[in-house]
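This report refers to the structure that appears directly beneath it.
The values are calculated or read from the model by the stated rules, or taken from the named source; none is laboratory data. No experiment lies behind these values; they were computed from the predicted model shown. Here the Cβ positions follow ideal geometry from the backbone for every residue, glycine too, while neighbour counts run over all protein chains shown. Heads up: the accessible areas ignore ligands, DNA and RNA and are worked out on the full protein's heavy atoms, side chains in. Shrake-Rupley method; radii C 1.70, N 1.55, O 1.52, S 1.80 Å.
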Amino acid sequence: MAEIPLTMPKMSMTMEEGTITEWQVAEGDQIAKGDVVAVVMTDKVDMEVESPAAGVVAKLLHAEGDVVAVGAHIALVASEEEDLLGDLFGGGAGTAGENADADGESATADEPVAAPSRAATDSAEPAPGAALDGPMPPAVPLARKLARDHGLDLRALTATGPHGTVRVKDVKQAIAETDAARVDVAERGGTQGTGGSTGPATCSTPAAPAAGALAAPVVDASPEQLLGSVRERRTRQMTAAAMATTPLIPQFTAFRSMDLSTAARARTGVLKGVSWTTLLVRAYALLLRGNEQLNGSWAEGGVRRNPTVDVVLAVDTPGGLLVPVLREPDLQSIRALDAEVRRIGASAKAGTVDPSLFGPATGTVSNLGGMGVDRFNALITPPQATALSVGTVGFVPVVGEDGTVTGRMSCELGLTIDHRVADGADAARALQEIQDMLDEPLRLAL
């Protein structure tokens with residue numbers, strides 16, 4: 001009877017690992033093909049993992065709470081069925097259990113990384129700038145953060161996760177060894193400084209850098225003390241990773257108060273009550289479609305044309321910001337687009353959004369109008385070149401030439417552009433183009 005490995009599935013374009021939040025089977029359970037065996041938390045949503053074959057759960061390779069890389073084995077199913085997956089994910093199915101069981105021992109079977117001893121013996125060398133040779137190994141987000149906070153190079157650590165992934169416990173182990181080494185050096189240095197006889201010349205060398213290292217910033221909060229749930233922290237980590245290079249983009253934001261009077265009348269008529277978000281997403285998509293520069297991306301010293309128009313709709317959810325993508329929102333009917341916007345918004349808030357909706361895009365719409373915000377500048381998400389911010393829709397006073405005061409429907413739009421791709425004048429013209437579309441709302445309806 002073959003043991004078929006059950007692997008961590010890739011549920012979105014950005015997913016690199018998942019957290020096993022719940023096993024719904026135990027070792028020895030009889031299961032059918034398609035039975036749900038586990039619930040996995042990704043950077044976006046919780047998803048159920050189904051068994052690819054009928055059989056008996058031979059072994060659970062990870063505990064609840066473990067973070068597992070995409071493609072790594074999480075369980076073995078003893079089955080009479082043929083293992084159609086075979087060595088699809090590399091590493092050999094026959095070693096799956098060994099790899100998962102290793103928890104440190106398997107490292108000896110892999111590349112003979114002497115990371116622990118290096119961390120212990122070179123405790124005075126965890127300087128951030130002390131780069132090592134070779135590619136950076138895969139690591140879970142929290143492990144990367146801990147390593148960065150403590151000045152540890154991930155390449156110097158022994159990775160015990162699947163496929164050489166550095167886990168949180170690997171970093172904690174290195175931190176503990178480093179701290180122990182520092183204390184040892186400090187104690188020996190202190191003895192030497194008081195005239196002790198145990199201070200050979202070789203001990204004095206590392207004493208100075210160790211003292212300097214002890215003065216380095218220390219993160220007091222343990223992972224368990226960080227604010228928010230694990231899911232919220234993971235969402236924040238993913239957002240941080242996505243926006244890490246944003247400050248490197250020269251950004252320019254132009255604001256304009258838009259006249260929505262004509263569009264407001266059309267909404268109750270020909271546009272059949274579609275939402276303002278839908279209308280503005282449509283207008284923004286049409287803008288990008290007609291302006292290849294704004295729909296492009298800065299790359300290799302020039303603007304690269306994007307063949308499609310894909311707009312991210314930023315959605316605030318109980319679990320944090322989600323960014324599902326509307327594909328070609330200018331090419332479907334306005335009613336279909338409105339239905340999709342509403343469906344995506346509801347599913348995102350419920351945590352059931354389709355993972356396939358996450359991925360690369362060519363622009364972003366962020367609407368804080370419903371939260372009472374009149375104006376803000378949305379940050380650009382690389383490699384996108386623009387982002388549209390939408391403020392509160394409502395009546396504003398307008399003073400006529402004769403001094404009379406009337407009211408009109410309005411909202412504040414902000415268009416942020418990558419200044420390498422376009423200029424401020426381009427942003428101003430783009431806002432005028434959106435205003436023109438709002439003045440002729442039939443252009444927004446297909």
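Which residues, counting only those in the range 404-425, are open to solvent by less than 50 Å² (accessible area, probe 1.4 Å) and either among the aromatic types (Phe, Trp, Tyr) or farther than 26 Å from Gly370 by Cα (or both)?
Matches in the range 404-425: Asp418, Val421, Ala422, Gly424.
Which of the numbered conditions does Gln293 fail, given that it passes all the others? Conditions: (1) loosely packed, with under 13 Cβ neighbours inside 10 Å; (2) outside any helix (DSSP H, G or I).
(1)
Restricting attention to the range 226-236, which residues are under 21 Å from Lys349 (Cβ atoms) and surrounded by 14 or more Cβ atoms within 10 Å (Cβ to Cβ)?
Selection gives Val230, Arg231, Glu232, Arg233, Arg234, Thr235, Arg236.
Please go through the range 268-283 and give me each residue that is touching a residue at least 60 places away in the same chain (Cβ under 8 Å) and out of contact with any helix residue (DSSP H, G or I) (no Cβ under 7 Å at 6 or more places or on another chain), ordered by number.
Trp276, Leu280
Which count do you get for residues in the range 300-311 that are under 20 Å from Leu248 (Cβ atoms) and loosely packed, with under 12 Cβ neighbours inside 10 Å?
Qualifying residue count for the region: 3.
Among the residues that make up the range 261-269, is at least one of them open to solvent by less than 50 Å² (accessible area, probe 1.4 Å), assigned to a strand (DSSP E or B) and not acidic (Asp, Glu)?
Let us first name the residues in the range 261-269 that are open to solvent by less than 50 Å² (accessible area, probe 1.4 Å), namely 261-264, 266, 269.
Add one more test, that the residue is assigned to a strand (DSSP E or B), and what stays is none.
No, the range 261-269 contains no residue that is open to solvent by less than 50 Å² (accessible area, probe 1.4 Å), assigned to a strand (DSSP E or B) and not acidic (Asp, Glu).
Just checking, does the range 244-252 include any residue being open to solvent by 50 Å² or more (accessible area, probe 1.4 Å), modelled with pLDDT of 60 or more, touching a Gly at 6+ places or on another chain (Cβ under 8 Å) and in the same structural domain as Asp310 (by the TED database)?
First, pick out the residues of the range 244-252 that are open to solvent by 50 Å² or more (accessible area, probe 1.4 Å): 244-245, 247-248, 250-252.
Next, only the ones that are modelled with pLDDT of 60 or more stay: 244-245, 247-248, 250-252.
Pick out the ones that are also touching a Gly at 6+ places or on another chain (Cβ under 8 Å) and you get 252.
Filter once more, so that each one left must be in the same structural domain as Asp310 (by the TED database): 252.
There is at least one residue in the range 244-252 that is open to solvent by 50 Å² or more (accessible area, probe 1.4 Å), modelled with pLDDT of 60 or more, touching a Gly at 6+ places or on another chain (Cβ under 8 Å) and in the same structural domain as Asp310 (by the TED database).
Looking only at the range 385-426, count how many residues are β-branched (Val, Ile, Thr) and assigned to a strand (DSSP E or B).
Going through the range 385-426, the residues β-branched (Val, Ile, Thr) turn out to be 386, 390, 392-393, 396, 398-399, 404-406, 416-417, 421.
When the remaining residues are screened for being assigned to a strand (DSSP E or B), the result is 386, 390, 396, 398-399, 405-406, 416-417.
Final tally of qualifying residues: 9.
Condition first: under 22 Å from Leu287 (Cβ atoms), open to solvent by 40 Å² or more (accessible area, probe 1.4 Å) and among the acidic types (Asp, Glu). Now tell me which residues in the range 327-376 satisfy that.
Once the filter is applied, which keeps residues that are under 22 Å from Leu287 (Cβ atoms), open to solvent by 40 Å² or more (accessible area, probe 1.4 Å) and among the acidic types (Asp, Glu), the range 327-376 yields Glu328, Asp374.
When the range 47-68 is examined, which residues are found to be open to solvent by 50 Å² or more (accessible area, probe 1.4 Å), outside any loop (DSSP other than H, G, I, E, B) and hydrophobic (A, V, I, L, M, F, W, C)?
Answer for the range 47-68, where residues must be open to solvent by 50 Å² or more (accessible area, probe 1.4 Å), outside any loop (DSSP other than H, G, I, E, B) and hydrophobic (A, V, I, L, M, F, W, C): just Met47.
Given (1) under 20 Å from Pro355 (Cα atoms); (2) modelled with pLDDT of 80 or more, where does Ala58 come up short, assuming only one miss?
The failed condition is (1).
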